[in-house]
1. Answer yes if at least one residue in segment 39-49 is modelled with pLDDT of 90 or more, surrounded by 18 or more Cβ atoms within 10 Å (Cβ to Cβ) and outside any helix (DSSP H, G or I), and no otherwise.
2. In segment 118-136, which residues are assigned to a loop (DSSP other than H, G, I, E, B), touching a residue at least 40 places away in the same chain (Cβ under 8 Å) and surrounded by 12 or more Cβ atoms within 10 Å (Cβ to Cβ)?
3. Somewhere in segment 161-169, is a residue crowded, with 20+ Cβ neighbours inside 10 Å and at pLDDT below 95?
4. Can you find a residue that is touching a residue at least 60 places away in the same chain (Cβ under 8 Å) and within 25 Å of residue 154 (Cβ to Cβ) anywhere in segment 92-111?
5. Mind telling me which of the residues 68, 125, 101, 141 ends up being at pLDDT below 95 and closer than 20 Å to residue 164 by Cβ?
């Protein structure tokens with residue numbers, strides 16, 4: 001009799017713990033993800049927003065950018081309106097557009113819209129998370145945390161891996177001419 005009662009109590013406890021964990025994940029917009037965890041579960045449905053293959057271009061100091069693919073696991077569009085990182089005092093959401101025959105970077109009006117059950121690519125030569133006034137070197141293999149602010153409140157946190165990258169001929173230094181940039 002005692003063992004049957006204990007079994008029922010333990011079973012109810014397990015069900016309650018499972019339900020609590022599930023509801024906490026579903027109700028929270030914030031999620032922490034390391035590059036390895038994101039790579040292991042690119043279509044995770046536990047959080048409305050996730051990112052696959054997050055990385056940040058290495059830099060001695062000054063400016064750099066972060067990239068990856070934002071994935072929306074929800075039934076509604078998600079708009080990223082701002083970002084931050086402890087690696088730099090200023091972060092902006094940027095796009096690359098053609099202006100007067102040259103490719104130029106500028107702040108992305110309205111932020112990045114990640115469609116319901118869709119994705120939004122952040123890549124060199126395209127939309128990206130601009131990291132400004134970097135005070136110290138971001139080396140290959142560095143783990144750089146980011147927090148994205150979402151329209152309507154809420155945040156999403158991830159970690160990007162420092163990576164050397166010489167493609168697309170973009171230059172994230174002030175006053176840099178991006179003319180002739182290959183996409």
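The values are calculated or read from the model by the stated rules, or taken from the named source; none is laboratory data. Treat the numbers as computed from the prediction; the structure is a model and nothing was measured. Because the Cβ atoms are built from the backbone with ideal geometry, glycine has one as well, and the counts that use them run over all protein chains shown.
1. Kept after step one, since they are modelled with pLDDT of 90 or more, are these residues of segment 39-49: 48-49.
If we keep only those that are surrounded by 18 or more Cβ atoms within 10 Å (Cβ to Cβ) as well, we get 48-49.
From the residues that got through so far, the ones that are outside any helix (DSSP H, G or I) too are 48-49.
Yes, because at least one residue in segment 39-49 is modelled with pLDDT of 90 or more, surrounded by 18 or more Cβ atoms within 10 Å (Cβ to Cβ) and outside any helix (DSSP H, G or I).
2. We begin by selecting, within segment 118-136, every residue assigned to a loop (DSSP other than H, G, I, E, B); these are 118, 123-127, 135-136.
If we keep only those that are touching a residue at least 40 places away in the same chain (Cβ under 8 Å) as well, we get 118, 123-126, 135-136.
Correct list: 118, 123, 124, 125, 126.
3. No, every residue in segment 161-169 fails to be crowded, with 20+ Cβ neighbours inside 10 Å and at pLDDT below 95.
4. First pass over segment 92-111, keeping only residues touching a residue at least 60 places away in the same chain (Cβ under 8 Å): 96, 101-105.
When the remaining residues are screened for being within 25 Å of residue 154 (Cβ to Cβ), the result is none.
Scanning segment 92-111, I find no residue that is touching a residue at least 60 places away in the same chain (Cβ under 8 Å) and within 25 Å of residue 154 (Cβ to Cβ), so the answer is no.
5. 125
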